[in-house]
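Trainee: Questions regarding the structure given below will be posed in turn.
The values are calculated or read from the model by the stated rules, or taken from the named source; none is laboratory data. Predicted, not measured: the structure shown is a model, and the values here were computed from it. No Cβ is skipped: glycine too gets one built from the backbone with ideal geometry, and neighbour counts run over all protein chains shown. For accessibility, only protein heavy atoms count, side chains too; no ligands or nucleic acids. Shrake-Rupley method; radii C 1.70, N 1.55, O 1.52, S 1.80 Å.
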Amino acid sequence: MMQRTLFRRGALLAQKAAVEVSLLPMSAPIQPRLDRAMSSVTIPPPECMLRPLEVPFRYLFGPGPSNVPPRVLAAGGRGIIGHLHPEMYEIMNDIKKGIQYAFQTQNNMTIAMSGSGHAAMECAVFNTVEPGESVLVAVNGIWGERVAEIAERMGANVHIMVKAPGGVFSNGEIEKALAKHKPVLFFLTHGESSAGLAHPVDGIGDLCRKHNTLFLVDTVASLGASPIFMDQQNIDILYTGSQKALNAPPGTAPISFNERACQKMFNRKTKPVSYLFDMAHLSNYWGNDGQPARLYHHTGPVSGFFSLRESLAILAEKGLEESWRHHREVAGYLWKGLEDMGLKLFIQNKDLRLPSVTTIAIPEGYNWREMLQYIMKHHNMEMTGGLGPSTGMVMRVGLMGYNCQKTNADMALAALADALKNCKKSKA
């Protein structure tokens with residue numbers, strides 16, 4: 001009682017002193033200083049900020065992001081709640097279960113990163129690799145190149161296996177490299193969107209266990225469109241992005257670590273190089289560390305999590321097997337249409353083609369940039385060229401998630417036919 005009385009008395013005295021000071025005559029040096037502060041804005045409001053936001057509608061038939069269904073857009077437009085509210089935790093719990101279904105895993109250490117697929121990519125490497133440790137990366141497109149650079153930047157001893165864009169690594173080649181370099185981590189892209197390749201995964205997880213190596217797989221472009229079984233295929237770390245076959249806007253990235261990965265990750269000698277991506281903190285934020293309370297780590301993308309939760313609900317309602325079948329069916333329809341037009345598909349083996357992103361060999365005599373610009377201008381449709389090592393080799397058409405429809409394939413085929421007819425072809 002005495003402490004409370006003293007506190008109140010002190011607060012009243014402080015208020016009284018503040019009022020007395022405010023009533024004092026303004027001294028000469030202070031007045032100009034306040035005038036300067038009030039008139040210190042020298043940069044006027046930009047004219048663009050005084051106009052309403054305008055966003056054109058486009059058919060996003062590239063490698064992602066893809067168009068988002070109205071149901072997911074509506075979910076993302078719901079009123080904000082606190083990122084530490086119990087209701088938000090419940091939504092995060094739903095997201096975790098949805099990711100476990102999509103990944104076909106029972107891993108407890110399953111979360112969604114606050115960021116794009118690159119956030120999950122860096123989280124995987126930063127948490128499981130320490131400076132000086134050996135990392136093996138399969139490079140057959142841009143994503144292997146990207147992981148190799150990330151690992152190199154954080155001080156790993158990086159070894160690469162290289163093939164031309166769209167090349168496939170045999171299990172024998174992988175085991176030989178595992179035996180030679182003895183890496184703590186081996187990276188492979190399942191859906192190499194820069195080349196349109198769905199790389200085989202069977203048996204590689206077993207090889208990694210044999211050589212005491214963690215198996216990291218990128219499914220950003222393939223999840224929901226091409227089969228993947230995290231637990232059955234002995235994948236130690238799996239991640240994806242929200243903006244492709246998952247139907248959600250960019251900005252969240254599901255990732256899962258199995259017990260082998262957790263043993264390595266939580267028994268480090270050094271802290272991960274990133275605080276934001278430190279799984280010691282993120283595991284608590286997502287309620288995965290067994291602690292009774294979730295502590296503040298960062299402010300998660302509340303609206304992004306609403307959207308991701310809804311997109312995972314759509315996948316659960318549709319069913320994984322139906323989603324895989326549907327993507328394959330529409331992709332096959334598109335492939336036949338392209339071949340009927342005389343275009344050549346970059347990945348010749350149908351079984352190795354990525355259903356979500358189709359790569360077309362650039363037709364002889366045509367400028368691929370001119371074709372894509374024509375399609376955007378006259379059809380309001382995005383298609384893209386290659387990326388990284390596949391630049392100048394392919395054009396890419398993506399029909400995934402909400403966009404995976406035969407009517408959209410027909411539109412894409414019509415746009416390509418129009419570009420072939422109206423774009424200049426160089427003389428041989």
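Trainee: What about Pro52, is it modelled with pLDDT of 95 or more, assigned to a loop (DSSP other than H, G, I, E, B), open to solvent by 50 Å² or more (accessible area, probe 1.4 Å) and not polar (S, T, N, Q)?
Mentor: Considered against the rule, which asks whether it is modelled with pLDDT of 95 or more, assigned to a loop (DSSP other than H, G, I, E, B), open to solvent by 50 Å² or more (accessible area, probe 1.4 Å) and not polar (S, T, N, Q), Pro52 comes out as yes.
Trainee: Let me ask something additional. Give the residues of segment 217-227 that are under 17 Å from the mean Cα position of the chain (by Cα) and in a loop (DSSP other than H, G, I, E, B), sorted by residue number.
Mentor: Of everything in segment 217-227, those that are under 17 Å from the mean Cα position of the chain (by Cα) and in a loop (DSSP other than H, G, I, E, B) turn out to be Thr219, Val220, Ala221, Ser222, Leu223, Gly224, Ala225, Ser226.
Trainee: Something else: Just one of the numbered conditions (1) touching a residue at least 12 places away in the same chain (Cβ under 8 Å); (2) under 23 Å from Ala124 (Cβ atoms); (3) not hydrophobic (A, V, I, L, M, F, W, C) is not true of Tyr275; which one?
Mentor: The one condition Tyr275 does not meet is (1).
Trainee: Of the conditions (1) surrounded by fewer than 20 Cβ atoms within 10 Å (Cβ to Cβ); (2) of a type outside the set (A, V, I, L, M); (3) within 17 Å of the chain's Cα centre (by Cα), Glu173 satisfies every one except a single condition; which number is it?
Mentor: In the conditions (1) surrounded by fewer than 20 Cβ atoms within 10 Å (Cβ to Cβ); (2) of a type outside the set (A, V, I, L, M); (3) within 17 Å of the chain's Cα centre (by Cα), Glu173 misses (3) alone.
Trainee: Count, please, the residues in segment 228-238 that happen to be in a loop (DSSP other than H, G, I, E, B) and either open to solvent by less than 10 Å² (accessible area, probe 1.4 Å) or of a type in the set (Asp, Glu) (or both).
Mentor: Here is the first cut: in segment 228-238, the residues in a loop (DSSP other than H, G, I, E, B) are 228-236.
Then drop every residue that is not either open to solvent by less than 10 Å² (accessible area, probe 1.4 Å) or of a type in the set (Asp, Glu) (or both), which leaves 228, 230-231, 235-236.
Qualifying residue count, segment 228-238: 5.
Trainee: Within segment 396-428, count every residue that is open to solvent by less than 20 Å² (accessible area, probe 1.4 Å) and not in a helix (DSSP H, G or I).
Mentor: Residues in segment 396-428 being open to solvent by less than 20 Å² (accessible area, probe 1.4 Å) and not in a helix (DSSP H, G or I): 7 in total.
Trainee: Let me ask another. Can you tell me which residues in segment 359-395 are open to solvent by 10 Å² or more (accessible area, probe 1.4 Å), in contact (Cβ under 8 Å) with a residue 40 or more places away in the chain, assigned to a strand (DSSP E or B) and under 30 Å from Pro200 (Cβ atoms)?
Mentor: Across segment 359-395, the qualifying residues are Glu382, Thr384.
Trainee: What is the one condition in (1) touching a Pro at 6+ places or on another chain (Cβ under 9 Å); (2) assigned to a loop (DSSP other than H, G, I, E, B) that Gly132 does not satisfy?
Mentor: Just one mismatch for Gly132, condition (1).
Trainee: Continuing with this model, one more query. Restricting to segment 376-390, and then to whatever is among the aliphatic types (A, V, I, L, M) and more than 17 Å from Tyr366 (Cα to Cα), can you tell me which residue is modelled with the highest pLDDT?
Mentor: Looking at residues that are among the aliphatic types (A, V, I, L, M) and more than 17 Å from Tyr366 (Cα to Cα), I get Met381.
Trainee: Further, regarding this structure: Can you tell me which residue in segment 206-227 is surrounded by the fewest Cβ atoms within 10 Å (Cβ to Cβ), limited to those that are under 18 Å from Ile160 (Cβ atoms) and free of Cβ contacts under 8 Å to residues at least 40 places away in the same chain? Walk me through how you get there before you give the answer.
Mentor: Start the filter on segment 206-227 by keeping residues that are under 18 Å from Ile160 (Cβ atoms), which leaves 207-208, 211, 213-218.
From what is left, the residues that are free of Cβ contacts under 8 Å to residues at least 40 places away in the same chain are 207-208, 211, 215, 217.
On the way: Leu207: 19, Cys208: 25, His211: 16, Phe215: 26, Val217: 26.
Checked segment 206-227; the qualifying residue surrounded by the fewest Cβ atoms within 10 Å (Cβ to Cβ) is His211.
Trainee: Can you give me the number of residues within segment 74-121 that are outside any loop (DSSP other than H, G, I, E, B), touching an Asp or Glu at 6+ places or on another chain (Cβ under 9 Å) and surrounded by fewer than 17 Cβ atoms within 10 Å (Cβ to Cβ)?
Mentor: Of the residues in segment 74-121, 1 are outside any loop (DSSP other than H, G, I, E, B), touching an Asp or Glu at 6+ places or on another chain (Cβ under 9 Å) and surrounded by fewer than 17 Cβ atoms within 10 Å (Cβ to Cβ).
Trainee: Right, another one. Tell me, please, whether a residue that is open to solvent by 20 Å² or more (accessible area, probe 1.4 Å) and either over 21 Å from Lys269 (Cα atoms) or free of Cβ contacts under 8 Å to residues at least 24 places away in the same chain (or both) can be found in segment 128-138.
Mentor: Looking through segment 128-138, none of the residues is open to solvent by 20 Å² or more (accessible area, probe 1.4 Å) and either over 21 Å from Lys269 (Cα atoms) or free of Cβ contacts under 8 Å to residues at least 24 places away in the same chain (or both).
Trainee: Being of a type outside the set (Phe, Trp, Tyr), in contact with a strand residue (DSSP E or B) (Cβ under 9 Å, 6 or more places away or on another chain) and under 30 Å from Phe306 (Cα atoms), is that true of even one residue in segment 197-210?
Mentor: The answer is yes, given that some residue of segment 197-210 is of a type outside the set (Phe, Trp, Tyr), in contact with a strand residue (DSSP E or B) (Cβ under 9 Å, 6 or more places away or on another chain) and under 30 Å from Phe306 (Cα atoms).
Trainee: Pairs only if they're at least six apart or on different chains, beta carbon under 6 angstrom, first in segment 162-187 and closer than 30 Å to Leu345 by Cα, second among the polar types (S, T, N, Q) and open to solvent by less than 50 Å² (accessible area, probe 1.4 Å); list them, first residue then second.
Mentor: Close Cβ pairs (under 6 Å, with a partner that is among the polar types (S, T, N, Q) and open to solvent by less than 50 Å² (accessible area, probe 1.4 Å)) amount to Lys163/Asn140; Pro165/Ser390; Gly167/Asn140; Phe186/Thr213.
Quick grid of which residues meet (1) modelled with pLDDT under 95; (2) surrounded by fewer than 18 Cβ atoms within 10 Å (Cβ to Cβ); (3) within 22 Å of Met113 (Cβ to Cβ):
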residue: Trp143; (1), (2), (3): no, no, yes
residue: Pro165; (1), (2), (3): no, no, no
residue: Ala179; (1), (2), (3): no, yes, no
residue: Ile204; (1), (2), (3): no, no, no
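Trainee: Can I ask one more? Does segment 239-250 hold any residues that are surrounded by fewer than 24 Cβ atoms within 10 Å (Cβ to Cβ) and more than 8 Å from the chain's Cα centre (by Cα), and which are they?
Mentor: Pro249
Trainee: Can I ask one more? Of everything in segment 278-290, what is farther than 14 Å from Ala120 by Cα and either among the charged types (D, E, K, R) or touching a Leu at 6+ places or on another chain (Cβ under 7 Å) (or both)? Give them in sequence order. Even if it seems obvious, please write down each step before you answer.
Mentor: Within segment 278-290, the first condition is being farther than 14 Å from Ala120 by Cα, and the residues that meet it are 280-281, 284-290.
Asn284, Asp289, listed by residue number.
Trainee: Among the residues of segment 339-358, what is the count of those that are part of a loop (DSSP other than H, G, I, E, B) and open to solvent by less than 80 Å² (accessible area, probe 1.4 Å)?
Mentor: 9
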